[in-house]
Amino acid sequence: MLTIEKILEALRQVEEPELKHNLVKLNLARNIRIFDDRIVLTLMFLSEQVAHREELVQAVKDTLKGIGASEVEVETDVLGEKEKEALAERIRQEHQAKVRSKRSGGRQALASESDAPPLLSKESKTQFISVASGKGGVGKSTVTVNLAVALAREGARVGVIDADIYGFSVPDMMGIHERPTVVDKTIYPVERFGVKVISMGFFVEENAPVIWRGPMLGKMLKNFFQEVEWGELDYMILDLPPGTGDVALDVHQMLPQSKELLVTTPHATAAFVAARAGAMAIHTEHEILGVVENMAWYECSECGHKEAVFGHGGGEKLAEELNTDLLVQIPLGAPQNGTPEDPEYSPSIYKADTATGQRYLELAREVIKRN
Ligand SMILES: Nc1ncnc2c1ncn2[C@@H]1O[C@H](COP(=O)(O)OP(=O)(O)OP(=O)(O)O)[C@@H](O)[C@H]1O
Ligand SMILES: [Mg+2]
């Protein structure tokens, strides 16, 4: 059976002739989708006019047929300027690290030796935002990914850490099928819709017992800050596990500089339990950025009538209680994003030109204003 891992392993054998590194290391093979024994993927090029275009497409097809694909469809795209610069920078840094490592008698260069200030240092200009709620299922992950994409659409440099060790969902929600690239000890995040993403799910065995996961979280989070090459970021958004348990507390203590965004539904009980999460933020001296009320209403597409399916007032009440603001209300409604075969498909990201997409842009602007 074809799996993403097998495909990536095969593509590690295919070299980009100009950059002289394999496609996986360079993260040029993206949006890999498997339909039984048919593979569809997007191959990124440095520019429209690369001489070896056809050869490289053919090499990818041949390689994947070699591992059992009956049909390989290669869509092509061109890297944006920013990404091209980032790639060049990465190769340059790697080269320097190699030189340094040679000089130091073969000792491996650590990521922390790179020039960019570590994310957690005092000089770091990155604003951390933890997305929290009192209870599960209110839309924390949905808000995390859409706020991140909206901030990127506004021109910010954004990272996301999916720290929900019990139910990592961010990669699926954003339509990410790749795994991060690891070079020596450095992990390069996966980029999607202009957002750099790292998820616990990339590193935890799918069916590892949940009981092992809690104690791993703190350690993994620390690794995420030390060993992931994030580059310069304006915002780092964390999707936290639900509730106010030990895990959430750990994260709070590890990131004293983080601000909190609280998500609730309009229902009074949801707002009540979210207040507990807010109380924890206050207790651990985290600034509360504001409240997002999700699933605020359902608007009938036929007649435009708005029905408050989950009641109303929860967001406002919570904001009042925590002495903060209700930043935005997001209505009910799943994004309409075409089919999984579309390279821009993702199950949970609202397009910028939809009503809900606009509301997330409003939220992004509020967040930018408050930082
Ligand atoms: N505004 C919305 N309209 C319709 N569906 C939504 C909306 N917000 C979230 N959902 C859906 O509700 C479900 C729960 O959302 P999500 O996973 O974001 O919540 P969560 O708080 O992160 O949950 P968990 O506590 O399990 O991590 C998902 O299936 C999501 O697609
Ligand atoms: Mg979640």
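A few comments on the model shown:
- Among E85, E178, E229, the largest mean-square fluctuation in a Gaussian network model of the chain (Cα springs under 10 Å) belongs to E85.
- Partners of K6 within straight-line reach, counting lysines whose Cα lies under 18 Å from its Cα and excluding those fewer than 8 residues away in the same chain: K25, K61, K65.
- Summed residue charge, Cβ within 11 Å of D239's Cβ, Lys/Arg positive, Asp/Glu negative: -1
- Cα→Cβ-extended label distance, 7 Å offset, between E285 and L120, nm: 1.7 nm
- Most mobile listed residue (E316, E18, E75) in the chain, GNM with C-alpha springs under 10 Å: E18
- Charge-dipole axis of the chain as Lys and Arg at +1 and Asp and Glu at -1 on Cβ define it, positive-most pick from M1, H305, L322: L322
- Helix 81-103 axis, angle to the chain major axis (alpha carbon atoms, nearest 10°): 70 degrees
- Here the accessible area of the range 321-371 is 47 percent carbon and sulfur, with a 1.4 angstrom probe and all protein chains present.
- Set K84/K222; K122/K259; K84/K369; K196/K259 screened for pairs whose C-alpha atoms are more than 22 Å apart: K84/K222; K84/K369
- Accessible area in square angstrom per residue, the chain, 1.4 angstrom probe: 48 Å²
- Karplus-derived 3J(HN,Hα) values for the range 350-366, using 6.51 cos²θ - 1.76 cosθ + 1.60 with θ = phi - 60°, are 7, 5, 4, 8, 9, 4, 6, x, 5, 5, 5, 5, 4, 4, 4, 5, 4 Hz; glycine and proline are entered as x.
- Proximity of backbone amide H atoms, modeled 1.01 Å from N, is registered between F45 and D77, V78, L79 at under 5 Å, excluding neighbours fewer than 5 places apart on the same chain.
- Accessible area, probe 1.4 Å, largest first, for residues S169, S70: S70, S169
- Among K20, K351, K84: highest mean-square fluctuation, GNM of the chain, C-alpha pairs under 10 Å: K20
- Our summary gives the chain a relative contact order of 16 percent, counting only alpha carbon pairs under 8 angstrom and 6 or more residues apart.
The values are calculated or read from the model by the stated rules, or taken from the named source; none is laboratory data. Nothing here was measured: the structure is a model prediction, and the numbers come from that model. As a convention, Cβ positions derive from the backbone with ideal geometry for all residues, glycine included, and neighbour counts pool all protein chains shown. Just so you know, the surface numbers come from the protein's heavy atoms only, side chains and all, with ligands and any DNA or RNA stripped out. Shrake-Rupley method; radii C 1.70, N 1.55, O 1.52, S 1.80 Å.
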